[in-house]
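Heads up, the thing below is written out as structure tokens.
The values are calculated or read from the model by the stated rules, or taken from the named source; none is laboratory data. Everything numeric in this text was worked out from a predicted model, so none of it was measured. Positions of Cβ are generated from backbone atoms using ideal geometry, with glycine treated the same way; all protein chains shown enter the neighbour counts. Heads up: the accessible areas ignore ligands, DNA and RNA and are worked out on the full protein's heavy atoms, side chains in. Shrake-Rupley method; radii C 1.70, N 1.55, O 1.52, S 1.80 Å.
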Amino acid sequence: MADSLLEGIKQQLEGCTDAVYQSIRVHDHSCMLMYIPSIVDQRSLQDHINSPLQAEANSDSDWSEFLERLDRGSAFAIPYHKAFKISEVVDLLVAGHAVLYIDGLPFLYYFKITQYQKRAVSESQNELVVVGPQEAFIEDIQSNLSLLRHKIKHPDLKTKHYTIGRYTKTDVYVVYIEGLYKPEVLTEIDQKLHNFSIDGILGVSYLSEHLKKNGQTPFPLFQYTERPDSVAASLMEGRIGILQDGTPTALLTPATFFSLLQSSEDYYQSAYAGSWIRIVRIFFSILSTILPSLYVAITTFHPEIIPYNLLITIAAARENIPFSALTEALMMELTFEAIREAGTRIPKPVGQTISIIGGIVIGQAAVQAGIVSAPMVIVVSITGIASYIIPHLELGLTFRLLRFVLLILGGTMGLMGVFAATFIIYGHLTNLKSFGTPYLQPVAPLVLQDWKDTILRVPSPLMKKRSSAYSSGKQRRQAKK
């Protein structure tokens, strides 16, 4: 039985030339230590497994005494467990465990000494703040859990572990604070993760797509963040976090439209500064979506709305332009999207040069060549700058997509098309829910007590109750700490 167990392991690992099978003879009995060097802690392997085995081989104790100490769990200084199935042992080996085979035993012992290569904890790259913590998650799940537990030192911080992916076998943790979350949200997430069937997940976007209840919406139903302080603050509000091994980004749910427009910076400034920044952010986020369509619709179909002096200026600028306002806007918007994408893909030192060339040289040359008008360049520039003010990347991508839809409708149907599309989008948002939470809460439905931390941010001592969007009943009555 034991020999067939060993042969079965070697057969399944055939072709894995980096696997090591180290033979050791202890008290005239053959043992074999199996591991993959690139993913185990070599120091722990030597100090806590190899050295004790060599010491046992040279000791005066007998074989039965060694087996007795193995069974008691005192033969090695680090924890070890038993594995009986070949498939289980193979999974342990490729996951970074060391496995000890002992001749005559129908099972093997395994040691968790996994050590993957990882980068150090660094500053957040996508969610920068001037005042506040600078650390960000990395690709190692244990380091991320450590950063989170450093923020919340309380036994009510709970974690649930899942292994997802037929080939990747990725570790996923759902984190929450006992007594603050909505139980129905955790139940739904738990059921979906248990029924999750996929070859592998390499990023949290895989999870978010499969966890979405309504896949027909372009709006994000999860909040992405790489900041431990954002996750900690959200958990204390009653939300649930999802951490995945191999990615420096966490998911937060439920998510609302207004939570996606909030930034950690809002809470590290004074209430007055935070409220003003938030108002500016919301205004320019909406402006970045509708400004080009409004300009095209008004200049094409409703020029009487424009003041006379401004209308003369716009008409003079467009006098020699061979394209319609809609064609002109589409060309400029697509060019801006190409420049933005190029700046993302090319190396950082060159990215600034591309932005300068694209924003100044190309725009100025296009105006001088009579391809586009100067007012259109101004409108597109304001729109592009305003789009960068949205703190959540996926929400920003949604706004950029809707901008083209509104632009086409504004250029073909005028203000009626823009307003009709705006009402359709608003109606969609009012019907949208993120794990049972209305997407536009506390605006629709109207919850006045939650307005303290929506468009404005009142001083922290005045926020005595948690948002009803994330917690309910008894939990809402607990004061924020």
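When each of the peptides 197-203, 248-254 is scored by how many other beta carbons lie within 10 Å of its residues on average, the order from highest to lowest is 248-254, 197-203. The largest accessible area among 184, 237 belongs to the first residue in 184, 237, and the rest follow in falling order (1.4 Å probe, all chains). Sorted largest first by accessible area at a 1.4 angstrom probe radius, with every protein chain in place, the residues 400, 457 fall in the order 400, 457.
Between 0 and 90 degrees, the angle of helix 63-72 with respect to the longest Cα principal axis of the chain falls at about 30 degrees.
Could you please state how large a percent of the accessible area of the chain is carbon and sulfur, counting protein chains only and using a 1.4 Å probe? Mind dumping the intermediate values first?
Working: 14560 of 24440 Å².
Solvent-exposed carbon and sulfur of the chain make up 60 percent of the total.
In this structure residue 404 has an accessible area near 40 Å², from a 1.4 Å probe over the protein heavy atoms.
Taking the charge dipole of the chain about its Cα centre, with +1 at Lys and Arg Cβ atoms and -1 at Asp and Glu Cβ atoms, the residue from 48, 163, 225 reaching farthest to the positive side is 225. Net charge dipole, segment 242-401: roughly 160 debye, given to the nearest 20, about the Cα centre with Cβ charges of +1 for Lys and Arg and -1 for Asp and Glu. Please give the helix 183-194 orientation as an angle from the longest Cα principal axis of the chain, in degrees from 0 to 90, rounded to the nearest 10. Helix 183-194 sits roughly 60 degrees off the main axis of the chain. Placing +1 on each Lys and Arg Cβ and -1 on each Asp and Glu Cβ, with no other charges, gives the chain a dipole about its Cα centre of roughly 2100 debye.
Which of the peptides 376-384, 32-40 is most tightly packed, and how do the rest follow, judged by the mean count of other Cβ atoms within 10 Å per residue?
On the way: 376-384: 19.9, 32-40: 18.1.
Averaged packing, sorted descending, gives the order 376-384, 32-40.
Heavy-atom accessible area, probed at 1.4 angstrom with all protein chains present, ranks 146, 387 as 146, 387, highest first. Axis of helix 374-387 versus longest Cα principal axis of the chain: the two differ by about 30°, to the nearest ten degrees.
Using the empirical formula 2.2 N^0.38 Å as the baseline, the Cα radius of gyration of segment 408-470 reaches a ratio of 1.52. Within the set [x] 75, 56, 45; [y] 104, 55, 38; [z] 144, 60, 41, the number that Cα extents along the principal axes in Å takes when calculated for this structure is listed as [y].
Put +1 on the Cβ of every Lys and Arg and -1 on every Asp and Glu Cβ in segment 202-356; which of 251, 302, 262 then has its Cα farthest towards the positive end of the dipole? Ranked along the dipole, the leading option is 251.
For residue 308 and residue 385, what does the FRET efficiency come to when R0 = 30 Å and r is the distance between their Cβ atoms, rounded to the nearest 0.05?
Numbers: r = 29 Å, r/R0 = 0.96.
In this case the efficiency is close to 0.55.
Accessible surface for the chain, divided over its residues, is 51 Å² per residue with a 1.4 Å probe.
Simple spin-label estimate for residue 202 and residue 413 gives 4.0 nm between the two label positions (7 Å along the Cα-to-Cβ direction from each Cα). Rounded to the nearest 10 square angstrom, residue 74 shows an accessible area of 60 square angstrom against a 1.4 Å probe. Here the simple spin-label model places points 7 Å from the Cα toward Cβ, and for residue 270 and residue 82 these points are separated by 6.8 nm.
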